[in-house]
Amino acid sequence: MQLKSIEIIGFKSFAEKTKISFPNGMTGIVGPNGSGKSNIAEAIRWVLGEQSAKNLRGSRMPDVIFSGSADRRALNMAAVTLLLDNSDHYLDSPFTEIKVARKLFRNGDSAYFINEKQCRLKDVTNLFMDTGIGQGTLSIISQGNVEEIFNSKPVDRRSIIENVAGVYKYKRQKTTAQTE
Ligand code: ATP
Ligand code: MG
């Protein structure tokens, strides 16, 4: 499984439709302060289902929508699409290419899509569950994350390790079974 590209429209500083491709190997994104590097990482987090505006350096979710600049009006919608190569079927899906998208309008309407079909957040979460990516992924380490892990309480650190080790899913299923 490999991230092939990301398309961003109206998310944070990306007013124009922007497509970034990630060819084989390592990709570095460089640019001056404030040019939008962290916004790209946040766009990935967001499309994977991030629910906390705070984790995206905002106070409310609509803060992710382009809010205008000196020469451009604010936009009413943010949309991010990830294109994943799934030819190794690492994600539990028969598709060899998977498109995951999320849209949010200023009035609060929002939607998720898998391969252009509207779906629930839960479907996106399930697609990535126990793959090491997905909501709250540790494969995206933001500024400040490292200190946060070092300084966390043992019980919180344990849950991070359980998540990485892939036992989290079973613990969740156990809790669900016990409450049913
Ligand atoms: P650094 O090198 O300092 O880490 P960076 O390249 O990571 O910088 P970002 O933090 O990604 O930069 O981008 C910050 C820019 O995004 C700021 O100029 C900010 O005004 C802009 N920005 C954030 N949210 C929005 C929004 N909703 N609408 C328009 N611009 C936004
Ligand atoms: Mg940054």
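Coordinate-derived values only; no laboratory data. Bear in mind the structure is a predicted one, so any value in this text is a computation, not a measurement. Glycine also receives a Cβ, built like all others from the backbone with ideal geometry; neighbour counts cover every protein chain displayed.
Remark: C-alpha extents of the range 1-132 on the principal axes read 46, 33, 23 Å, sorted largest to smallest. Listed values for the range 21-29 are Karplus-derived 3J(HN,Hα) couplings in whole Hz (6.51 cos²θ - 1.76 cosθ + 1.60, θ = phi - 60°), namely 9, 10, x, 3, x, 9, 10, x, 10, and x replaces Gly and Pro.
In terms of Cα to Cα distance under 20 Å, which aspartates and glutamates are near enough to Lys19, apart from those fewer than 8 places away along the same chain? By straight Cα distance, Lys19 reaches Glu7, Glu42, Asp85, Glu97, Glu116. Annotation for the range 87-137 versus the range 146-180: alpha-carbon center distance of 22 Å. Taken over the alpha carbons of the range 69-180 as equal point scatterers, the Debye sum produces base-10 log I(q)/I(0) values at 0.10, 0.24 Å⁻¹ of -0.44, -1.27. Where only DSSP H runs of four or more residues are counted, the chain gives -8000 deg cm²/dmol as its mean residue ellipticity at 222 nm, each run worth -39500 (n - 2.57). Computed from the Cβ-Cβ distance with R0 of 30 Å, the FRET efficiency linking Ile160 to Met26 stands at 0.75. Karplus-derived 3J(HN,Hα) values for the range 91-102, using 6.51 cos²θ - 1.76 cosθ + 1.60 with θ = phi - 60°, are 7, 6, 8, x, 6, 8, 10, 10, 10, 10, 9, 9 Hz; glycine and proline are entered as x. For Lys4, nonlocal amide neighbours, meaning residues 5 or more places apart or on other chains whose placed amide H falls under 5 Å from its own, are Leu83, Leu84, Asp85.
Once C-alpha pairs closer than 8 Å and six or more residues apart are averaged by separation and normalised to the residue number of the range 1-99, the relative contact order reads 37 percent. Which of Val124, Phe22, Gly58 sits farthest toward the positive end of the charge dipole of the range 1-124, with +1 on the Cβ of Lys and Arg and -1 on the Cβ of Asp and Glu? Farthest along the dipole direction, towards plus: Gly58.
Distances between placed amide hydrogens fall under 5 Å for Ile65 paired with Lys12, all partners being 5 or more residues away or on another chain.
For the range 30-96, what log10 I(q)/I(0) values come out of the Debye formula at q = 0.16, 0.23 1/Å, with one point per alpha carbon and no solvent? One equal scatterer on each Cα of the range 30-96 leads to -0.71, -1.09.
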